[in-house]
1. What's the Kirkwood radius of the chain in Å, using all Cα pairs?
2. Have a look at the DSSP beta bridges in the chain and tell me what percent are antiparallel, nearest 5.
3. Go through 477-485, 253-261, 416-424 and give me the packing order, highest mean Cβ count within 10 Å leading.
4. Which value, in Å to one decimal place, does the Kirkwood hydrodynamic radius take for the range 311-436 when every pair of different Cα atoms is included?
5. Can you give me the P(r) profile for the range 112-247? Cα pairs, bins 5 angstrom wide beginning at 0, each as a whole percent.
6. Just to confirm the number: angle between the C-alpha axis of helix 3-35 and the first principal axis of the chain, 0 to 90 degrees, nearest 10?
7. Where does each of 525, 217 land when they are ranked from fewest to most other beta-carbon atoms within 10 angstrom?
8. Taking every DSSP beta bridge that has both residues in the range 36-378, what percent is antiparallel when rounded to the nearest 5?
C-alpha cells in the first residue's frame, strides 16, 4: 500500500473516530438534558376569563401567540380556581383552599397568606431551584408575608392587589412606576406588563444553567384599564365592544405579545425543550363580557357560561390552563376534560420535577402528572370553590361543589355542565340523591376547613420603619379604601383595628398619615392630579382636603392622643409596647367631630426595654 493510501485511510479512521465522539457527546448531552430537572415558568394573568382568548372561541380578541401555544400544549378545559384573585394565588401556591390558608378575600386583612403555609417556592428552593417572582403578589405587603419571605429569592412587584391600590407606591398608574425589588422601592420606565416580562426574562437569562422556578404573576388585565395607545387602537373601531372592553382587550393583546418574547427567549437560550411553561388566569372575566340590563345587548364573549368574576357559577371560576413541556412528552394539542383545579398545581409540579414533598397539612389538590403525561384518567373527586369576600367565612356562601360535570350551587341548585353549559336548568328535583351526596361532601369539607381558618397577624419591629395601610384593616361591615382613587376622595373611614405582633418590646413611634410618606403632602392639604395614564378608564382625580383636630393610637389597653397639625406630614405618637400579639387601632377626629381611620401608619422602632 502506498504512503498516500495509508494517509487517506488514517485520515478516514481519524474522521470516523471524531464522528463517533461527537455522536456519543450529543447523545450524552441529550440524555443529560432529559434527566435534568425541568425549569418551571408559571404565567398567570389577572381577571382574564376563559372566553378572553382566540382559541376558546372569541373571534374578536387578538391572542395569536397563546392560541398557537395551546396547539403545542395540553389544555385543561375543566380547570377551576377561586372566584377572585388573591384566593386563587393562595391556593395555587399552597395546594390548599383559600379558606384554610387565610386568603378568603382580597382586602380587609384577609388577603395575607398565613405564616405557617408552605409555598411552591419554598418547596422548590429547598430542592435546589433558583426562584423568582415578578408582578402581582397580593398575599400580604408586610412581614412575614412579602414574596421574598415566602421562598422567592428574587422579586420585583407592586403593592396591594393591583397597580394603584392603597398599599402600592403613590401615583403608580401602569406607566413609569415605582415597584419593590426585594422590598426596596425602585423606579422603572415602561408599561407594567412589559416590565414584568422584562424582569422575568432577565432572571431566566441569569439562571438558565440551573433549574429555576419563575412565577410571572401579572396585574393585567385588571382595572383600571390603562393601556398603551397602540393596543387600544387595535380595537377602537370594534363597535360591538364597550370602550372599557377595547382597553381590556388591548391589555390582553399586550400580554400575548410579551408571551411571544418569553417563548422566543427560551428558544434562543436553547432551554425550551426542558422548560415547563404554564399559562393560566386567576378567575372569570371582569371586563370581557357585559350584558346590558335594559336592552339585553351582549358585549364580549363568555364561552356560553353563566357568571363572571366573583360568581359561584361556572363563568366565575372555570378558566384556561395550558401546559407545555417537550421533554415531558405531553400530548401536543390535546384538550383534557377531567375535573382539575389550581390546588393541583403544587403537587403536580413537584411530581414532574421529581421532588418528594409531603405536606403535614390537609391538601385539597392532588397530583395529576400521570393525567398530563399518560392521560391516565383521574379518580372520581369532589372540589369546592366559593366567594366569601367578607370579614369571616360563612358556610354555604356562594358555593359550588363540583364532581365531574356536576355542579351543586348554593346547596340547592344542581346543573350538569356537559348538557347545560350555561347552567340554566336546575335539575335538583330530578336527582335528589346527587344533591344529598354532594351536600354531604360539602358538610364534611367545611368542617375540615373551618377548623383551620384564622386571621393573619402583621409583624412590627422587624425593620426600623414599616408601613401598614387601611387596605388591611379588619373592617366588618364595609370595604376600606382599597385603592388610591378612594384615598383621594377623602371619605372618612370608620376606625377598624389591625392584628399585629410586636417582635420586640420597646418604644415605638407611630406616624398617622392622610397621605403616604412618598407623596410629601401635609395632613390637611389637597393633592392635585400630577400625571395620568395616556389611555385610561380611571383618570387621576384631585385629592380632596380633610381637616383634622386630633389623632389617636390604641394598642391593647393603652391609648394616647395628640393634637393634629394640618400643616405637618403626620401626627406622631409614642408608646412603650410589650412584645407579642395585640390589636392596633389608629384614627383621627376631624374638625367637624367625625372619626376616620388613619389611611397610612408608619411604625418606627425607637428602642428596647
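1. 25.9
2. 70
3. Numbers: 477-485: 18.3, 253-261: 20.7, 416-424: 15.0.
Highest-to-lowest ranking by the protection proxy: 253-261, 477-485, 416-424.
4. 16.4
5. Spelled out per bin, shortest first, that is 2, 11, 18, 20, 17, 13, 9, 6, 3, 1, 0.
6. 30
7. By the 10 Å Cβ count, ascending, the order reads 525, 217.
8. Values: 17 of 44 bridges.
Of those bridges, close to 40 percent are antiparallel.
Every read-out reported here was derived from the displayed coordinates using simple, explicitly stated rules and does not represent laboratory data. Not measured: the values here are computed from a predicted model. We place every Cβ from the backbone using ideal geometry, glycine too, and count neighbours over all the protein chains shown.
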